[in-house]
1. Does residue 195 fit the bill of being of a type in the set (Val, Ile, Thr), closer than 20 Å to residue 21 by Cα and in a loop (DSSP other than H, G, I, E, B)?
2. Exactly one condition in (1) touching a residue at least 24 places away in the same chain (Cβ under 8 Å); (2) at negative phi is not met by residue 229; state its number.
3. Identify, by number, the condition in (1) at pLDDT below 95; (2) among the small types (Gly, Ala, Ser); (3) open to solvent by less than 70 Å² (accessible area, probe 1.4 Å); (4) closer than 23 Å to residue 136 by Cα that residue 86 doesn't meet.
4. Name the residue that is nearest to residue 73 (Cα to Cα), counting only residues in region 216-233 that are open to solvent by 50 Å² or more (accessible area, probe 1.4 Å) and touching a strand residue (DSSP E or B) at 6+ places or on another chain (Cβ under 6 Å).
5. Give me the pairs: first residue in region 6-18 and within 22 Å of residue 116 (Cβ to Cβ), second residue outside any strand (DSSP E or B) and open to solvent by less than 60 Å² (accessible area, probe 1.4 Å), beta-carbon distance under 6 Å, and six or more apart or on different chains, which are they?
6. Take the conditions part of a helix (DSSP H, G or I), of a type in the set (Phe, Trp, Tyr) and either in contact with a His (Cβ under 8 Å, 6 or more places away or on another chain) or within 30 Å of residue 235 (Cα to Cα) (or both) and apply them to residue 277. Does it pass?
7. List the strands (runs of 3 or more DSSP E) that sit entirely inside region 1-82 and contain at least 2 residues that are in contact with a Ser or Thr (Cβ under 8 Å, 6 or more places away or on another chain), basic (Lys, Arg) and open to solvent by 10 Å² or more (accessible area, probe 1.4 Å).
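The values are calculated or read from the model by the stated rules, or taken from the named source; none is laboratory data. Not measured: the values here are computed from a predicted model. Glycine gets a Cβ as well: all are built from the backbone with ideal geometry, and neighbour counts include every protein chain shown. These area figures cover heavy atoms from the full protein model, side chains too; ligands, DNA and RNA do not enter into them. Shrake-Rupley method; radii C 1.70, N 1.55, O 1.52, S 1.80 Å.
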Amino acid sequence: MAWVRQKNDGDEELIVATDSIFTGNGESWENGIKLFELPRTDCVIAFVGVTGKAYTLILNLISSIKLDNRLKNNYTPLIEVVEYISELFTVLIKNSINEIPSENIHKLRAEVRFLFCGWCWRENRFRIWEVSYNESTEAYLPTEQEKCSLDGLCAFIVDPNDKKDIAAQKLKEEREKKEVGANVDMEPLRVLIDISQDPSIREIGGATQIVKIYRSGTSELFGIYWQNKPHFQGRKFEEHNKPKERYFDTNTLEVIDNEILTKIKLDDFSTLKEFEFITTCYDEDGYLKDLADREKERLKLIFRDKAYKDFKANCEVGE
């Protein structure tokens with residue numbers, strides 16, 4: 001799924017999310033990577049379908065962008081990148097799958113589809129394309145996703161395709177819980193998580209993989225707490241060795257930030273030089289206010305410094 005979310009402060013961000021399960025040949029893998037950052041920070045690609053074909057195409061794409069200074073430059077319009085993807089995938093799929101007796105060649109070529117998404121600085125907007133095989137032209141063609149009845153830009157691809165009706169209905173139900181005309185928030189993520197947790201849908205499952213693309217032309221991969229354990233790119237970790245990324249809570253759909261205390265006793269920090277700043281971040285009862293990212297980062301540094309000094313002092317006393 002990919003959608004543009006409007007935040008409370010009026011800013012926008014593009015969120016792309018996918019499940020982590022691979023199925024086929026009687027097997028089911030719940031740790032598959034389906035969401036890929038590219039060698040430029042303003043776009044990502046995700047897929048549904050046959051894994052072998054998808055990985056071959058995506059790895060060729062990543063390598064090609066790395067070798068092309070124009071393609072990997074964020075100032076190159078995304079339309080040029082998606083056109084290159086179309087050309088590259090068409091050449092690769094036609095050269096690789098062409099003569100298979102008793103098999104429908106077009107069906108084989110169409111066994112994987114992609115979502116290519118990113119921030120277009122020239123047009124000052126986020127853009128989403130589905131890239132899929134077209135039998136009549138024997139080519140992979142991009143189809144840009146436009147604003148839909150959800151009052152915003154939201155798109156998703158599902159394999160097998162008959163599960164798309166399930167996702168669309170669930171998304172409609174989630175949207176109906178909001179006021180008419182309300183901006184798309186985290187409803188698509190709720191739908192993806194719910195479907196991934198449904199044991200009756202074998203083809204969709206595993207911990208959700210999530211990336212945000214910002215209007216600055218940068219992207220950020222997120223982990224998620226899945227079954228009460230931190231997961232990143234579909235893989236489970238323990239608390240002590242999890243990647244140092246930010247993680248979503250499965251239930252609240254909010255980002256967990258364990259490095260910032262949500263409630264403190266203000267008097268415990270009164271001796272710090274940064275005490276005045278801390279009082280602007282918490283209300284009189286010690287509850288954390290809604291802060292900007294730069295304020296959160298400053299708080300983290302203050303808490304880390306205090307924790308280290310307290311630890312050092314305790315060690316010295318022990319000696």
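1. For residue 195, the condition - of a type in the set (Val, Ile, Thr), closer than 20 Å to residue 21 by Cα and in a loop (DSSP other than H, G, I, E, B) - is not met.
2. (1)
3. (1)
4. The extreme case among them is 218.
5. Partner pairs satisfying both residue conditions: 17/1; 17/189; 17/192; 17/208; 18/34.
6. no
7. By residue number, no strands (runs of 3 or more DSSP E) qualify.
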